[in-house]
Amino acid sequence: MIRVEEIKKSFGEQEVLKGISVTFEQGKTNLIIGRSGAGKTVMLKILVGLLNPTAGAVYYDDLNFSTLSVKEKKKIRMQVGMLFQGSALFDSMTVEENIRFPLDMFTNDTKLEKENRVNHCLERVELEGSNKKYPGEISGGMQKRVGIARSIVMNPKYLFCDEPNSGLDPKTSILIDELIRKITIDNNITTVINTHDMNSVMEIGDNIALLYHGELAWVGNKDEVLDSPSETLQDFIFASPFLQRLRKAYNQ
Amino acid sequence: MTLLYEFGKYLKLLGAMFRKPEKFSMYWKETLRQMNDIGVGSLSIIGLIALFIGAVTSVQFAYQLQGSFIPAYYIGYIVRDSTIIELAPTISCLVLAGKVGSNIAAEIGGMRQKEQIDALEIMGVNTAGFLVLPKVLAAIVVVPMLVIISAGISMIGGYLAGVLSGLVKPTDFLTGLTYFYEPYYVFMMLVKAVVFGFILTSVSCYKGFYVTGGSIELGRASTQAVVYSNILIVFADYVIALILT
Ligand SMILES: Nc1ncnc2c1ncn2[C@@H]1O[C@H](COP(=O)(O)OP(=O)(O)OP(=O)(O)O)[C@@H](O)[C@H]1O
Ligand SMILES: [Mg+2]
């Protein structure tokens, strides 16, 4: 479980987050949604400690992250996996080396053990046989999947995904969503996902937080979305004319 | 003011570099890779430049000595000493700052922009250590080797140019090369090489490490890495000359 309390973040004059308090639960896919520029990435980076909040605190299972020592932070980092908006694979390494990197760096596993673990992760993201390719040689969707494989290779307790399905076709998006959800449930981890994808919201939104102009505009789950009276949420969900028409039909 | 701020940030990066490595074997592997990149990758350009530097020094002095009472073997002597004391370490490292420095800044800066450094950070890697330390170590070992090679080739260049142009007899040049040999100068050359190697890698890493924005900033960082390295190298050259002579 991860809990944030009264998180504020400003860049110079611009106040991006204006006091957000929310809890992300274990064994669930927690979504942060909001329009482009709403502050989702900033929020996620604060959660993992890549950015320091101007005010407020982040708790990992009741440990206040910002007050931890370098060593203790490192211990938590070892339990964190993150998929970046642009995948952030290491260009100079093959797919296999990318996924194996955390194992190489932090474990004393044998070569065989590492190989098995890498292949297991590749299987989970359905990329068997791509071991020797370089990031530049595979598609964006495949890069995302390699990014997921790399983020789960150490069996993390916390998984963060920044727009796991932006720029992907709907089919691949759904595959990736399902994959993340499956990993979350199978390993009983705390997963936080940034997205503005409606499919994701309705399919894997166990726990949804809507950011709007730096404030928490709505909290709920996928089953509560359609019936919520929140104007901001409805505006966000039914942004396109197509969806508005669908909604009309649904209401009738 | 900003200069002071930048210098502080640079020192902080260097400080973070000396935290205990997560895994020695990974750092070692990376250091070897860097040695190969910096050393083997720069051999041909360093060699080529050294050859001509030696040749020019030799021919230039030979012309100036013509008709004077200074014996011809002085040409070999001057080529040797100017190469060892100044030309081989300084010019090689200025060239390396251009070649290796810009490369390092672009590589690390690219990693920063594509969030690869953040990814390392999330994994729990000491990014300053893993990205900077191997490069600095590799340079400290490899740059002195390159400078030694450069000095050697420079003297060969001086010999060939002097002899082929008929300005100096082979025996005279060789006499000059061994005349009043001072091992301390070689020590100075190596000190310079180590210091310059450290400067050019650490400054370039620093410039890359804190890149923000897009490809324009990346290009600028890469240029600044070279410019700053060059300025610091000639400045350090002066300081070393003051201290060691
Ligand atoms: N390092 C930074 N310096 C200054 N401003 C920043 C920085 N990072 C983000 N911002 C600002 O914070 C706001 C929120 O950005 P953020 O990247 O969190 O948006 P987002 O919700 O992730 O959008 P998207 O869906 O497009 O990824 C933006 O207005 C952006 O300009
Ligand atoms: Mg974002």
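The values are calculated or read from the model by the stated rules, or taken from the named source; none is laboratory data. Just so we're clear, the structure is a prediction, and the values are computed from it rather than from any experiment. Here the Cβ is made from the backbone with ideal geometry for all residues, glycine too, and neighbour counts use every protein chain on show. Protein only, heavy atoms only, side chains kept; ligands, DNA and RNA dropped before computing areas. Shrake-Rupley method; radii C 1.70, N 1.55, O 1.52, S 1.80 Å.
When the residues of segment A:89-100 are narrowed to those that are in a helix (DSSP H, G or I) and surrounded by fewer than 21 Cβ atoms within 10 Å (Cβ to Cβ), which ends up nearest to the other protein chains (Cβ to nearest Cβ)? Even if it seems obvious, please write down each step before you answer.
Of segment A:89-100, the ones in a helix (DSSP H, G or I) are A:95-100.
Imposing the further condition that a residue be surrounded by fewer than 21 Cβ atoms within 10 Å (Cβ to Cβ) reduces the set to A:96-97.
On the way: A:Glu96: 16, A:Glu97: 11 Å.
Ranking the candidates gives A:Glu97 first.
Criterion first (assigned to a helix (DSSP H, G or I), at negative phi and open to solvent by 20 Å² or more (accessible area, probe 1.4 Å)) does B:Ile231 satisfy it?
Numbers: assigned to a helix (DSSP H, G or I): yes; at negative phi: yes; open to solvent by 20 Å² or more (accessible area, probe 1.4 Å): yes.
Spelling it out, B:Ile231 is indeed assigned to a helix (DSSP H, G or I), at negative phi and open to solvent by 20 Å² or more (accessible area, probe 1.4 Å).
Please determine, by comparing only the residues of segment A:1-49 that are part of a loop (DSSP other than H, G, I, E, B) and within 14 Å of chain B (Cβ to nearest Cβ), which one is nearest to ligand 1 (Cβ to nearest atom). Even if it seems obvious, please write down each step before you answer.
Applying the first criterion (part of a loop (DSSP other than H, G, I, E, B)) to segment A:1-49 yields A:1, A:12-13, A:25-28, A:34-39, A:48-49.
Within this subset, residues satisfying the condition of being within 14 Å of chain B (Cβ to nearest Cβ) are A:12, A:48-49.
Numbers: A:Gly12: 7, A:Val48: 13, A:Gly49: 15 Å.
Going through the qualifying residues, I end up with A:Gly12.
Condition first: closer than 27 Å to B:Lys20 by Cβ and open to solvent by less than 10 Å² (accessible area, probe 1.4 Å). Can you find one or more residues in segment A:106-121 that meet it?
Going residue by residue through segment A:106-121, those that are closer than 27 Å to B:Lys20 by Cβ are A:106-111, A:113-114, A:117-118.
Then keep just the ones that are open to solvent by less than 10 Å² (accessible area, probe 1.4 Å); that gives A:118.
Checked against the condition, which is being closer than 27 Å to B:Lys20 by Cβ and open to solvent by less than 10 Å² (accessible area, probe 1.4 Å), segment A:106-121 yields at least one hit.
Would you be able to tell me the number of residues in segment B:51-98 that are over 13 Å from the mean Cα position of the chain (by Cα) and touching a residue at least 24 places away in the same chain (Cβ under 8 Å)?
Taking segment B:51-98 and keeping what is over 13 Å from the mean Cα position of the chain (by Cα), we get B:51-85.
Restricting the remaining residues to those that are touching a residue at least 24 places away in the same chain (Cβ under 8 Å) gives B:51-59, B:62-63, B:66, B:71-85.
Counting residues in segment B:51-98 that are over 13 Å from the mean Cα position of the chain (by Cα) and touching a residue at least 24 places away in the same chain (Cβ under 8 Å) gives 27.
Of all the residues that make up segment B:59-87, how many are closer than 23 Å to B:Asp237 by Cα and of a type in the set (S, T, N, Q)?
Within segment B:59-87, residues that are closer than 23 Å to B:Asp237 by Cα and of a type in the set (S, T, N, Q) number 2.
Checking A:Leu68 against (1) within 16 Å of ligand 1 (Cβ to nearest atom); (2) open to solvent by less than 60 Å² (accessible area, probe 1.4 Å); (3) farther than 19 Å from B:Gln116 by Cα: exactly one of these is not met. Which one?
Single failed check for A:Leu68: (1).
Given the structure, is A:Gly86 assigned to a strand (DSSP E or B) and within 14 Å of the chain's Cα centre (by Cα)?
Details: assigned to a strand (DSSP E or B): no; within 14 Å of the chain's Cα centre (by Cα): yes.
Judged against the criteria, A:Gly86 is not a match.
So, restricting to strands (runs of 3 or more DSSP E) that lie completely within segment A:161-251, which ones have at least 1 residues that are free of Cβ contacts under 8 Å to residues at least 60 places away in the same chain? So that I can check it myself, show each step before the final result.
Numbers: elements: A:190-195, A:207-212, A:215-220.
Hits in segment A:161-251: A:215-220.
In the set B:Pro134, B:Pro144, which member is over 23 Å from B:Leu51 (Cα atoms) and open to solvent by less than 50 Å² (accessible area, probe 1.4 Å)?
Working: B:Pro144 fails: over 23 Å from B:Leu51 (Cα atoms).
Going through B:Pro134, B:Pro144 in turn, the sole match is B:Pro134.
Starting from segment A:8-32, take each residue that is among the hydrophobic types (A, V, I, L, M, F, W, C) and list its partners that are open to solvent by 20 Å² or more (accessible area, probe 1.4 Å), counting only C-beta distances under 6 angstrom and pairs at least six apart or across chains.
Close Cβ pairs satisfying both conditions: A:Val16/A:Lys9; A:Val16/A:Val42; A:Leu17/A:Lys8; A:Leu17/A:Lys9; A:Ile20/A:Leu216.
Where residues in segment B:5-37 are of a type in the set (Lys, Arg) and within 22 Å of B:Val100 (Cβ to Cβ), which of them is least open to solvent (accessible area, probe 1.4 Å)? Break it down stepwise before answering.
We begin by selecting, within segment B:5-37, every residue of a type in the set (Lys, Arg); these are B:9, B:12, B:19-20, B:23, B:29, B:33.
From what's left, within 22 Å of B:Val100 (Cβ to Cβ): B:9, B:29, B:33.
Working: B:Lys9: 59, B:Lys29: 127, B:Arg33: 94 Å².
Taking the candidates together, the pick is B:Lys9.
For segment A:202-224, give me each residue that is farther than 24 Å from A:Glu5 by Cα and either over 23 Å from the mean Cα position of the chain (by Cα) or surrounded by 18 or more Cβ atoms within 10 Å (Cβ to Cβ) (or both).
Result: A:Ile204, single match.
Does A:Leu127 satisfy the criteria of being in a loop (DSSP other than H, G, I, E, B), surrounded by 19 or more Cβ atoms within 10 Å (Cβ to Cβ) and of a type outside the set (S, T, N, Q)? Break it down stepwise before answering.
Details: in a loop (DSSP other than H, G, I, E, B): yes; surrounded by 19 or more Cβ atoms within 10 Å (Cβ to Cβ): yes; of a type outside the set (S, T, N, Q): yes.
Considered against the rule, which asks whether it is in a loop (DSSP other than H, G, I, E, B), surrounded by 19 or more Cβ atoms within 10 Å (Cβ to Cβ) and of a type outside the set (S, T, N, Q), A:Leu127 comes out as yes.
Can you confirm whether A:Asn199 is open to solvent by 40 Å² or more (accessible area, probe 1.4 Å), in contact with an Asp or Glu (Cβ under 9 Å, 6 or more places away or on another chain) and within 16 Å of ligand 1 (Cβ to nearest atom)?
On the way: open to solvent by 40 Å² or more (accessible area, probe 1.4 Å): yes; in contact with an Asp or Glu (Cβ under 9 Å, 6 or more places away or on another chain): yes; within 16 Å of ligand 1 (Cβ to nearest atom): yes.
Yes: the conditions hold for A:Asn199.
Report yes if A:Lys73 is basic (Lys, Arg), buried (at least 17 other Cβ atoms within 10 Å of the Cβ) and more than 16 Å from ligand 2 (Cβ to nearest atom), otherwise no. Break it down stepwise before answering.
Values: basic (Lys, Arg): yes; buried (at least 17 other Cβ atoms within 10 Å of the Cβ): yes; more than 16 Å from ligand 2 (Cβ to nearest atom): yes.
Judged against the criteria, A:Lys73 is a match.
What number goes with the only condition from (1) in a helix (DSSP H, G or I); (2) in contact (Cβ under 8 Å) with a residue 40 or more places away in the chain; (3) not β-branched (Val, Ile, Thr) that A:Arg145 does not pass?
Failing condition for A:Arg145: (2).
Which residues, taken from segment A:159-174, are at pLDDT 95 or above and either away from ligand 1 (no atom under 16 Å from the Cβ) or in contact with a Lys or Arg (Cβ under 6 Å, 6 or more places away or on another chain) (or both)?
Scanning segment A:159-174 gives a single hit, A:Leu159.
Give the number of residues within segment A:54-83 that are among the acidic types (Asp, Glu) and outside any helix (DSSP H, G or I).
In the first step, residues of segment A:54-83 are kept if they are among the acidic types (Asp, Glu); the result is A:61-62, A:72.
Imposing the further condition that a residue be outside any helix (DSSP H, G or I) reduces the set to A:61-62.
Residues that pass the stated criteria total 2.
For A:Arg35, work out the one condition from (1) out of contact with any Phe, Trp or Tyr (no Cβ under 9 Å at 6 or more places or on another chain); (2) open to solvent by 80 Å² or more (accessible area, probe 1.4 Å); (3) within 16 Å of ligand 2 (Cβ to nearest atom) it doesn't fulfil.
Tallying (1) out of contact with any Phe, Trp or Tyr (no Cβ under 9 Å at 6 or more places or on another chain); (2) open to solvent by 80 Å² or more (accessible area, probe 1.4 Å); (3) within 16 Å of ligand 2 (Cβ to nearest atom), A:Arg35 fails exactly one: (1).
Could you go through segment A:66-79 and let me know if any residue there is within 21 Å of B:Arg112 (Cβ to Cβ) and under 16 Å from the mean Cα position of the chain (by Cα).
Within segment A:66-79 (the criterion being within 21 Å of B:Arg112 (Cβ to Cβ) and under 16 Å from the mean Cα position of the chain (by Cα)), the answer is yes, since at least one residue qualifies.
Condition check ((1) over 26 Å from the mean Cα position of the chain (by Cα); (2) surrounded by 15 or more Cβ atoms within 10 Å (Cβ to Cβ)) across all residues:
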{"position": "B:Gly162", "(1), (2)": "yes, yes"}
{"position": "B:Ser165", "(1), (2)": "yes, no"}
{"position": "B:Leu190", "(1), (2)": "no, yes"}
{"position": "B:Ala193", "(1), (2)": "no, yes"}
{"position": "B:Ile199", "(1), (2)": "no, yes"}
{"position": "B:Ser202", "(1), (2)": "no, yes"}
{"position": "B:Tyr206", "(1), (2)": "no, yes"}
{"position": "B:Ser215", "(1), (2)": "yes, no"}
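Considering (1) more than 16 Å from ligand 2 (Cβ to nearest atom); (2) more than 23 Å from B:Ser42 (Cβ to Cβ); (3) surrounded by 23 or more Cβ atoms within 10 Å (Cβ to Cβ), say which one B:Pro183 fails and leave the rest.
(3)
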